[in-house]
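Trainee: After the structure tokens below, expect a handful of questions from me.
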Amino acid sequence: ITQKIFLSEILYIESQGNYVKIVCAERVVTSYSSISLIEEKLPEAKFLRVHRSFIVSTDKITAFSGTTIMIGKYQIPIGRSYKTLVEQRLNVE
């Protein structure tokens, strides 16, 4: 089954082994793909890799600290190796 997902719907994407879980406000879609492959297709201005297993929609971030990002009720960890990049991107926007 093919499902169309608009970029504006996506809250965050989580890697789960050989699958990715795409979390939207209204639904969750699981797809057989790698998070790196998905990351290549996303517009860099709107999405940010914050962890080995997570990509977030920068428009949907409601709060952040040095170790986590909040998107509504979801708490997403910031990986150590991504921390500097995340801080640079979020302080600029």
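Trainee: Ignoring ligands, DNA and RNA, how do Glu9, Glu39 rank by accessible area with a 1.4 Å probe, largest first?
Mentor: Glu39, Glu9
Trainee: Got a number for the accessible area of Lys60? Probe 1.4 Å, square angstrom, nearest 10.
Mentor: The accessible area comes out at roughly 60 Å².
Trainee: I'd like to know how segment 1-91 sits against the 2.2 N^0.38 Å rule of thumb: what's its Cα Rg over that expected value?
Mentor: The value comes to 1.01.
Trainee: Among Val20, Phe64, Ala45, whose Cα sits farthest toward the positive end of the charge dipole of the chain (+1 at Cβ of Lys/Arg, -1 at Cβ of Asp/Glu, about the Cα centre)?
Mentor: Checking the options against the dipole of the chain, the answer is Val20.
Trainee: Whole percent per 10 Å bin, from 0 to the bin with the longest distance: what is P(r) over all C-alpha pairs of segment 1-40?
Mentor: 30, 63, 7
Trainee: Angle, helix 83-92 long axis vs. longest principal axis of the chain, Cα atoms, 0 to 90°, nearest 10?
Mentor: Tilt relative to the chain: about 80 degrees.
Trainee: Could you please state how large a percent of the accessible area of the chain is carbon and sulfur, counting protein chains only and using a 1.4 Å probe?
Mentor: Carbon with sulfur: 51 percent of the solvent-accessible area.
Trainee: Right, here's the next one. For the chain, with every protein chain kept in place, what is the accessible area per residue (1.4 Å probe, Å²)?
Mentor: Normalised by residue count, the accessible surface of the chain is 65 Å².
Trainee: For the chain, what does the relative contact order come out to in percent, with C-alpha contacts under 8 Å and a separation of six or more?
Mentor: Working: 134 pairs, mean separation 17.7, N = 93.
About 19 percent, as a whole number.
The values are calculated or read from the model by the stated rules, or taken from the named source; none is laboratory data. Model, not experiment: these values are computed from the prediction. Cβ atoms come from the backbone with ideal geometry, glycine included; neighbour counts cover every protein chain shown. Remember, those area values only see protein heavy atoms, side chains included, never the ligands or the DNA or RNA. Shrake-Rupley method; radii C 1.70, N 1.55, O 1.52, S 1.80 Å.
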